[in-house]
Amino acid sequence: MRGIVFDIIEFAVHDGPGLRTTVFLKGCPLRCSWCHNPEGLHPAPQILTSPAGERLAGRVWEASELAALLNRQGDLLRPNGGGVTFSGGEPLAQYEFLLAVLARLDHLDVVLDTSGYALPEVYAEVVSRCALIYQDLKLVDPAAHVRWTGADNAWILANIAQLPRLGVPFVLRVPLVPTVTDTPLNLRAIARLADGLDGLLRVDLLPYHRAAGGKYRACGMDFVPDYPEDAPLNLDLSPFDDLGVPVRLAGESYDAPL
Amino acid sequence: MPLSERLSAMREAVRAGAHHHYRHDDTPDIAAEAAARGLTWAQRAALRTVRMCAGEPPIIEPDQRIVFTRTQRRVPPLYTPDDWAAFRATLDGDPSGEINNICADWGAVLDQGLLARRAQALATRARLAADPAAVEFLEAAVATIDSVLDLAARYAAEARRLGRNDLAAALDEAPANRPTSFHAALQALRLLQAVVWLSGHMHVGLGRLDQYLWPYLAADLAAGRLDWPGAEELLAEFFISLNRDSDLYPGVQVGDNGQSVMLGGVDRAGREAVNPLTWAALRVAGAVAMIDPKINLRVTPDTDHELLREASRLTRLGLGFPQYANDDQVIPGLVAFGYDWEDARDYTVAACWEFIIPGRGMEIVNVGAVSFPAAADAAIRAGLAAGDAGFQSILDRCEAEIRAQVHALIEPERRLILPPAPYFSVLMDGPLATGRDLSAGLKYNNFGLHGAGCAAGADALQAIHELVYDQRTLAPGDLLAALDADFEGYESLRTRLRETVTKVGNNDDDADAQLVWLFERFAAACAAEGDNGRGGRIRPGTGTAMFYVWLARGRAGLREPVVGATADGRHVGDLFGANLAPTPGVTVRGPLSTLQTFAKIPYDQIVNGGPVTLELADNVFRGDEALDKVALLVRAFAQVGCQQMQINTVNLATLEDAQRHPEQHRHLIVRVWGWSGYFVELDPVYQEHVMSRHRHGL
Ligand code: SF4
């Protein structure tokens, strides 16, 4: 069983607990306007060109080969509360490959970092083999979701709804994009949706960082944000606090270096 | 802990060199006086310490609680050039520069006080009255003790004159006697160490500061004489004081001065030795955030997570320290090399990373460097030109090259004569009891050799192994022509060598096998040298010091071989990795694989030290859990079985801006090879290397 991976990052510090290696699977069915990983969108390997030269993004891996690589790090990952995170792109877009890798992992805790855009039965099968889910939630309103991500969110909402039954703890991760996802309306809708979901650890709000336009150029694409990139973010957490939904603003409490 | 207003101002003033106006070049003419009095070498060395101490007027600034300001910029020579040439001709051997890069037995000196050491010297003198060499040494040693006591007395008198009675009391009691307070202990340490510098020695480390100072602090705390904020304030002032003369301390670059401190670990009996001062020293080093002292921390897989977290705060500040040493590797390694368990457990580091025993080691840890790339390259060029039929022949040649390099470096050193060091001898364990100067040797007298460019050497071997002998897809003639042309016109071959051959740093067993082989052969070559002429042997290590530059670019007077283009696809002049690191520009998977690679080195044979050097992007430190993650990475370093590690974190954009606007980045600190320095004070070649380590991919 083969899959396409566009990056493997060791000591990934923002992708789950403990010492962790993140595998980025290539290809995503969504087209979020703010996507920071343009090289993860297209399912096939592609050559990126930048002033620093050319680089091939995407390599074919045998599931057994990838699992062996990850297992070789197990002695460092396991005793340090960590494991492997599968991200993307959208890892579920290659769910057969992903399942084949998961089946070969040697007692490594897996975090799945997903948009949730997958058939509910596929989603359930993969999720039930993971230790923790980082479930994205961008927009609750279906029309807005189509407008900004190019995809309908019915599967996503259905998959979030089945998470409590699957019994795997999860974090809802909301990219805060100015005027798009950070609206009081959207945040209230997310808070209501999250309220009372069994297994929810917290909601992570991820403040927008200006996308690397250079990355898009390297992929032969244009980055044309159709939202005001510089608009101040709405960081009002009260919709969550009001309902008692645990919420965290990622990237907080960083004491700047000298 | 934030610095108090008083100390913030002091730190600024030290950085700005506000005390430099006290300095002058009017140094005593030791050579002339000594010639007139017909003094011996040892007597001259003592005279220099005496005159240098006498030449320091007490300077006490109103805001200072820990005093000593050096005013004499230069340390004078002991002989005129002519007298030296004449004297040297009488020596049966090659005299080295002043003794440096060892660690005094600070704890014992503080604990006993100089008066007790003086009494011991006199007792030994009486016992060895018939031994003129011993008498001469002991009298020289006593003279230096008296000069330090006189310096302390003059400072005490000045303090009293200024109404600074607490300071006067501290100087009255120590270093003459055992200090009765933390303050007096720090003050005594400041004076004792400053006089080592004044005596012409370099790279004067401070050893296991948290161990030997804790009893004084603990007594103050228990008696209610001092509280923790007060203690940290004193320690911070002491740390700042160590930076006053960093610009006067010679090294390859400013900052390379060896004022290292080792924290944590176990005591001589093997009991856990982390104490509250270990923690405080980490906190204070972060608050002071200057290049001195350079913090080292001993760890094991079981070290308290919170302690590692505290240490990670320093890393986050971008200080380039702490450097970590893994007790589980270092101590058994030293024992396997012949150290007693008690001493091995008491290890600290010399200037950068070389493991030494405070008070008991007269080791010369930096005799030179073996160039693995040069050994591999010579073997490859000769073997391919001769049509060697198998890879083993290349390895055999490489082993011979390593042996030849080791031998060429060690052979002349067998004739080494160390200059007498009567004052430094006072601070060591043994000389005052035996009547023999430190320069005659102590309990441990080994030489250290760096093993430099290991990744590039292993990568070159692996390239030949894979492409020439295994796949047989590269014709030897093509490679030789490409090397001679520095790959001009052979770009596609270079790309192949660079990108398709497996490389050290990725936990790849094939490439790593070459790495392990190089170190095993290096260890065997060192062992084959036997005794070093001083009752010690040759310790192989994994450091590079500045050799990652010199071995690639050459330098006047360099004994080590310089290499051209190499079979790993490296251009002429491209720098090697510093210490244990993948070759710059090589794609590596990440820090875990890098640690796994370097854990394969046989550290029971490779004991001269030299850290795995990890570079972390500063965005690692975004978010709450960053400190926990870095702490886990340190634990992983210990678990996987590496020996030593340093972590650098820096923002490339900041460095680029610092090159453009140095005046705006005067305080920006970076790790260079085994020490941290101010970026703007480095030569461009070292700035460039620091920056290249952080330029990865797109
Ligand atoms: S789901 Fe993620 S990877 Fe896919 S387009 Fe959106 S942001 Fe990019």
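Computed quantities for the displayed model
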read-out: The range B:7-204: proportion of alpha-carbon pairs further apart than 30 angstrom, %; value: 26
read-out: Shape metrics for the protein assembly as shown, restricted to C-alpha atoms - Rg then Dmax, Å; value: 30.9, 102
read-out: Cross-link reach list, aspartates and glutamates versus B:LYS503, counting only Cα pairs under 14 Å and skipping chain neighbours closer than eight places; value: B:ASP459, B:GLU466, B:ASP512, B:ASP568
read-out: Residues B:ASP510, B:ASP220 arranged by fewest to most Cβ contacts within 10 Å; value: B:ASP510, B:ASP220
read-out: Sequence-separation-based contact order of the range B:369-610, relative, with Cα cut under 8 Å and 6+ spacing, percent; value: 28
read-out: log₁₀ of I(q)/I(0) at q = 0.11 Å⁻¹ - the range B:369-610, Debye sum with one point per alpha carbon; value: -0.59
read-out: Relative packing of peptides B:229-235, B:534-540 - highest average C-beta neighbours within 10 Å first; value: B:534-540, B:229-235
read-out: Cα long-axis angle, helix B:5-16 against chain B (0 to 90 degrees, to the nearest 10); value: 60
read-out: Within the range A:21-118, percent of DSSP bridges classed antiparallel, to nearest 5; value: 40
read-out: Rounded to 10°, Cα long-axis angle of helix B:276-288 versus longest principal axis of chain B; value: 80
read-out: Fraction of antiparallel bridges per DSSP, the protein assembly as shown only, in percent to nearest 5; value: 30
read-out: Taking A:HIS107, B:HIS571, A:HIS42 and counting other C-beta atoms within 10 Å, the order from fewest to most; value: A:HIS107, B:HIS571, A:HIS42
read-out: Mean Cβ neighbour count within 10 Å, used as a protection proxy, ranking B:365-377, A:86-98, B:392-404 highest first; value: B:365-377, A:86-98, B:392-404
read-out: Shielding score for B:586-592, defined as the mean number of other chain Cβ atoms within 10 Å; value: 5
read-out: Computed magnitude of the charge dipole of the range B:140-198 (debye, nearest 20; Cβ of K, R +1, Cβ of D, E -1); value: 120
read-out: Number of partner chain Cβ atoms within 10 Å, mean per residue of A:9-20; value: 6
read-out: Principal-axis tilt of helix B:509-528 within chain B, Cα atoms, nearest 10 degrees; value: 50
read-out: Projected area averaged over orientations for chain B, convex hull of C-alpha atoms, nm²; value: 30.6
read-out: Within 10 Å of each Cβ in B:610-618, the average number of Cβ atoms from other chains; value: 1
read-out: Per-peptide average of other Cβ atoms within 10 Å, ordering B:178-188, A:166-176, B:682-692 highest first; value: B:178-188, A:166-176, B:682-692
read-out: Cβ charges +1 (Lys, Arg) and -1 (Asp, Glu), total dipole of the range B:7-204, debye; value: 460
read-out: Residues B:ALA16 and B:ALA527, FRET efficiency given R0 of 51 Å [Cβ-Cβ distance, rounded to 0.05]; value: 0.50
read-out: Eligible aspartates and glutamates near A:LYS215 by straight Cα distance, threshold 20 Å, same-chain separation 8 or greater; value: A:ASP7, A:GLU39, A:GLU54, A:GLU90, A:ASP226, A:GLU229, A:ASP230, B:ASP618
read-out: Charged-residue dipole, Cβ positions (Lys, Arg, Asp, Glu), chain A about Cα centre, Debye nearest 20; value: 380
read-out: Trypsin sites (Lys or Arg not before Pro) within the range B:436-533: DSSP coil, no more than 15 neighbouring Cβ in 10 Å; value: B:ARG472
read-out: Kirkwood hydrodynamic radius of the range A:75-121, from inverse mean 1/r over distinct Cα pairs, in Å; value: 11.6
read-out: Cα pair distances exceeding 25 angstrom across chain A, given as percent; value: 45
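FYI, it's all coordinate maths here, none of it is from the lab. Fair warning: this is a prediction, and the values are worked out from it, not measured in the lab. Reconstructed Cβ throughout: ideal geometry from the backbone, glycine too, with neighbour counts over all protein chains shown.
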